[in-house]
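Quick notes on the structure that follows.
The values are calculated or read from the model by the stated rules, or taken from the named source; none is laboratory data. Since the model is a prediction, treat every value here as computed from it, not as a measurement. Positions of Cβ are backbone-derived with ideal geometry, glycine not excepted, and every protein chain shown enters the neighbour counts. Side chains are part of the model used for accessible areas, which takes the heavy atoms of the whole protein and leaves out ligands, DNA and RNA. Shrake-Rupley method; radii C 1.70, N 1.55, O 1.52, S 1.80 Å.
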Amino acid sequence: GVIPDYGYSGTGMRIDGVSPGKLAEKKGLQAGDILLQLGEYKFVDVNSYMQSLSKFKKGDKTVLIIKRGTEEKKIELEF
């Protein structure tokens, strides 16, 4: 449910937008948030984010670590 910011060159994956009604919106993710890690998988770019998503299946639970401004947050997810 997130739209990647393909122009972002820092570490992680910055969100350009969030799809209405999807899990990302329900969990409070916002444009500008930087996704850093999903479970044990750290993100270096959009590709590593996509690869890590494929490791989970419906019903799996994990923790997403994001950066919003200068603050890191942990968000519990269930796929």
Restricting attention to segment 6-20, which residues are part of a loop (DSSP other than H, G, I, E, B), touching a residue at least 12 places away in the same chain (Cβ under 8 Å) and not hydroxyl-bearing (Ser, Thr, Tyr)? GLY10, GLY12
Is at least one residue of segment 63-72 without any contact (Cβ under 8 Å) to a residue 24 or more places away in the chain and in contact with a helix residue (DSSP H, G or I) (Cβ under 6 Å, 6 or more places away or on another chain)? no
Out of all the residues in segment 70-79, which are in contact with an Asp or Glu (Cβ under 9 Å, 6 or more places away or on another chain) and open to solvent by 40 Å² or more (accessible area, probe 1.4 Å)? LYS73, GLU78, PHE79
Residues of segment 31-49 that turn out to be farther than 16 Å from THR11 by Cβ and either open to solvent by 40 Å² or more (accessible area, probe 1.4 Å) or out of contact with any strand residue (DSSP E or B) (no Cβ under 8 Å at 6 or more places or on another chain) (or both), as a count: 2
Name the pairs: first residue in segment 29-45 and part of a strand (DSSP E or B), second residue among the aromatic types (Phe, Trp, Tyr), Cβ to Cβ under 8 Å, at least 6 apart or on different chains? ILE34/TYR8; LEU35/PHE43; LEU35/TYR49; LEU36/PHE43; GLN37/PHE43; LEU38/TYR49; LEU38/PHE56
Pick out the one residue from VAL2, VAL44 that is among the aliphatic types (A, V, I, L, M) and over 10 Å from the mean Cα position of the chain (by Cα). VAL44
Matching residues, segment 2-23, being open to solvent by less than 40 Å² (accessible area, probe 1.4 Å), in contact with a strand residue (DSSP E or B) (Cβ under 6 Å, 6 or more places away or on another chain) and of a type outside the set (A, V, I, L, M, F, W, C): PRO4, ASP5, GLY12, GLY17
If you scan segment 51-68, which residues turn out to be closer than 13 Å to GLY12 by Cβ and either of a type in the set (Lys, Arg) or assigned to a helix (DSSP H, G or I) (or both)? SER52, LYS67, ARG68
